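Please read the structure below before turning to the comments.
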Amino acid sequence: MDRTGEKIAAAALAAVLLGTLVLGTVLPYQAVRRQRDSAPVSGTVPQGPFIALTFDDGPKTETTVRLLDGLAQRGVHATFFVLGVQVEGREDLIRRMDAEGHQIGLHTAHHAKLTGLTAEGFYEEVDSLRATLTEILGVRHFMLRPPYGMVNPSVQQWAGAPIILWSVDPQDWSDRDSARQAEHLVSRARDGDILLLHDIYDSSVDAALETVDRLMEQGFLFVTVEELFALRGIKPEDGTIYRCLLPGNA
Ligand code: NI
């Protein structure tokens with residue numbers, strides 16, 4: 001082979017290698033349907049049905065990163081109610097969630113039962129996390145999800161935030177069976193529901209992504225809790241408990 005022949009052979013090999021690399025990188029992404037691609041063009045208000053996926057108890061690096069990757073592939077936004085002890089050392093993950101359009105909310109510093117606390121204890125659990133998140137993200141009006149969904153009049157009085165519970169709970173912590181959890185979520189989902197999962201289990205990440213794929217097939221649009229309020233034209237009130245925002249609730 002002369003010089004020219006060698007050059008052509010090298011160029012051909014490089015093209016094949018590059019092609020393999022590009023296809024290998026791009027194809028898996030194209031295989032996933034993206035919500036943003038099929039979302040209505042700007043200027044029209046989407047009519048739903050809407051669903052808010054929410055995740056508690058994280059972030060946990062291994063599982064939360066995989067979840068964020070999967071949601072990003074699908075162009076889907078979710079809401080993360082984080083724990084102070086989990087945020088520590090994972091500030092970059094919180095910034096990533098924010099940069100990718102997810103909502104971040106409060107789930108206390110140490111997963112405390114808020115109904116059993118004095119005012120002082122309450123502020124240590126809630127305000128300390130609020131301060132941490134403010135340091136990372138700047139001043140926001142963070143929503144609160146009390147651990148175990150436990151609420152009483154004191155919690156409502158002290159919250160300083162809308163209290164966000166949920167309307168569909170597959171109890172993903174109990175059996176770690178992602179197929180059962182996805183079936184539970186998909187079969188019950190209604191326009192305006194708030195789904196509860198935990199981004200600390202691999203099975204929950206699988207269930208979440210399967211649920212997104214199946215509900216997107218049915219035409220559901222995934223939004224953050226804040227977006228759900230805005231789309232329903234409801235102003236969230238501090239100390240008020242919300243489980244879902246079905247149409248006609250306004
Ligand atoms: Ni929790």
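The values are calculated or read from the model by the stated rules, or taken from the named source; none is laboratory data. Worth saying up front: this structure is predicted, and the values here are computed from it rather than measured. All Cβ positions, glycine included, derive from the backbone under ideal geometry; neighbour counts span all protein chains shown. Surface accessibility is based on the protein's heavy atoms, side chains included, excluding ligands, DNA and RNA. Shrake-Rupley method; radii C 1.70, N 1.55, O 1.52, S 1.80 Å.
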Please determine whether any residue of region 111-120 is away from the ligand (no atom under 16 Å from the Cβ), in contact with a strand residue (DSSP E or B) (Cβ under 9 Å, 6 or more places away or on another chain) and more than 21 Å from Leu165 (Cα to Cα). no
Give me a count of the residues in region 193-202 that are surrounded by fewer than 22 Cβ atoms within 10 Å (Cβ to Cβ) and away from the ligand (no atom under 16 Å from the Cβ). 1
Of all helices (runs of 4 or more DSSP H) completely enclosed by region 142-212, which ones contain at least 1 residues that are of a type in the set (Phe, Trp, Tyr)? 153-158, 172-175
List every residue pair whose Cβ atoms lie under 6 Å apart, where the two residues are 6 or more positions apart in sequence or sit on different chains, the first residue falls within region 45-66 and is over 26 Å from Arg232 (Cβ atoms), and the second residue, located anywhere, is away from the ligand (no atom under 16 Å from the Cβ) and assigned to a loop (DSSP other than H, G, I, E, B). Pro59/Arg90
Scan region 173-195 and give yes if some residue there is among the aromatic types (Phe, Trp, Tyr) and out of contact with any strand residue (DSSP E or B) (no Cβ under 8 Å at 6 or more places or on another chain), otherwise no. no
Counting only residues that are in contact with a Ser or Thr (Cβ under 8 Å, 6 or more places away or on another chain) and either open to solvent by less than 40 Å² (accessible area, probe 1.4 Å) or more than 16 Å from the ligand (Cβ to nearest atom) (or both), how many does region 152-175 have? 8
